[in-house]
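Asker: Sharing a structure below in structure tokens format, with a few things to ask.
FYI, it's all coordinate maths here, none of it is from the lab. Just so we're clear, the structure is a prediction, and the values are computed from it rather than from any experiment. Please note: Cβ atoms are built from the backbone with ideal geometry, for glycine as well, and neighbour counts cover all protein chains shown.
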Amino acid sequence: MQLRLFFFQGYLEEGEEIIHIVHKHWFVMLSGMVKVLLFGFGIPFVLYTVFPFPFFFWLMILWMILAFFKMVYMIFNWYLDAWLLTNMAIIDVVWEGFFKRSAQRIEYKSIEQVSYAFNGITQTLYNYGSLHIQQPGGVTSIEDIDKPKKVASQISQLQEKYMKEQKYSDEEALKDILTGMIKRHIEKHGLNVHINNDS
């Protein structure tokens, strides 16, 4: 919980809470991780065992340090490039580097339709795919996410809950306005009527 607040607190508005974070499926990262492990750690180690010279040792160490930073970057990219499902909106966070990031808010009231899709046997077997949100201005999508059907259902539930709370809040605000108008009218005309705000 503390980790998500540390990385994503800056995207939230006052009173906003993160309900769920949507990431890309681990399978999408797997091929990239295997390449880094193989070329970044495996090959340098093998070369040093074949050519155990001091020059190759320091070259191997440098190569592995670079590979380590590459892996750290990939992990940050996976974790920080995400959708935040909050109690107020969906926040599409785009992480393009340690010093470059952006975010777009998708308000629940603007969502017209939520759909998901699986493309191919791999996505079907590993249960990952794409999620699409239809808005008046177009479609916003996220690709290769884990359990898109479950995420789509969760978005629909959060949207329904938000709209109910918003409707109740609007009704309360309207009630307060009407009560105030009636009170002012009574005071202006000197009528002796008691208005109960709790009714």
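Asker: For the range 43-110, I need the span (max minus min coordinate) of the C-alpha atoms along each principal axis, in Å, sorted largest to smallest.
Answerer: Principal axes ranked by extent give 65, 19, 13 Å for the Cα atoms.
Asker: At a threshold of 8 angstrom on Cα-Cα distance, excluding pairs fewer than six apart, so keeping six or more, what relative contact order does the chain reach in percent?
Answerer: Computed value for the chain: 17 percent relative contact order.
Asker: Now, a different point. Can you list the residues, at least 5 places off or on another chain, whose amide H is less than 5 Å from the amide H of residue 87, using H built in the peptide plane?
Answerer: 17, 19
Asker: Let me ask something additional. Can you list the HN-Hα couplings for the range 104-119, worked out from phi with the Karplus curve (6.51, -1.76, 1.60; θ = phi - 60°), rounded to whole Hz and with x for Gly and Pro?
Answerer: Running phi through 6.51 cos²θ - 1.76 cosθ + 1.60 with θ = phi - 60° gives 10, 8, 10, 6, 4, 5, 8, 7, 9, 7, 10, 9, 9, 8, 10, 10 Hz.
Asker: Among the chymotrypsin sites (Phe, Trp or Tyr not before Pro) within the range 89-152, which fall in a DSSP loop and have no more than 14 other Cβ atoms within 10 Å of their own Cβ?
Answerer: 98, 99
Asker: For the range 79-142, which GluC sites (Glu not before Pro) pass both filters: DSSP loop (anything but H, G, I, E, B) and at most 16 other C-beta atoms within 10 Å?
Answerer: Taking the range 79-142 and a limit of 16 other Cβ atoms within 10 Å, the loop GluC sites (Glu not before Pro) found are 112.
Asker: State the volume of the convex hull built on the alpha-carbon positions of the chain, expressed per residue in Å³ and rounded to an integer.
Answerer: Normalising the Cα hull of the chain by residue number yields 175 Å³.
Asker: Could you grab the relative contact order for the range 65-161? Cα pairs under 8 Å, six or more apart, rounded to a whole percent.
Answerer: With pairs under 8 Å counted, the relative contact order is 18 percent.
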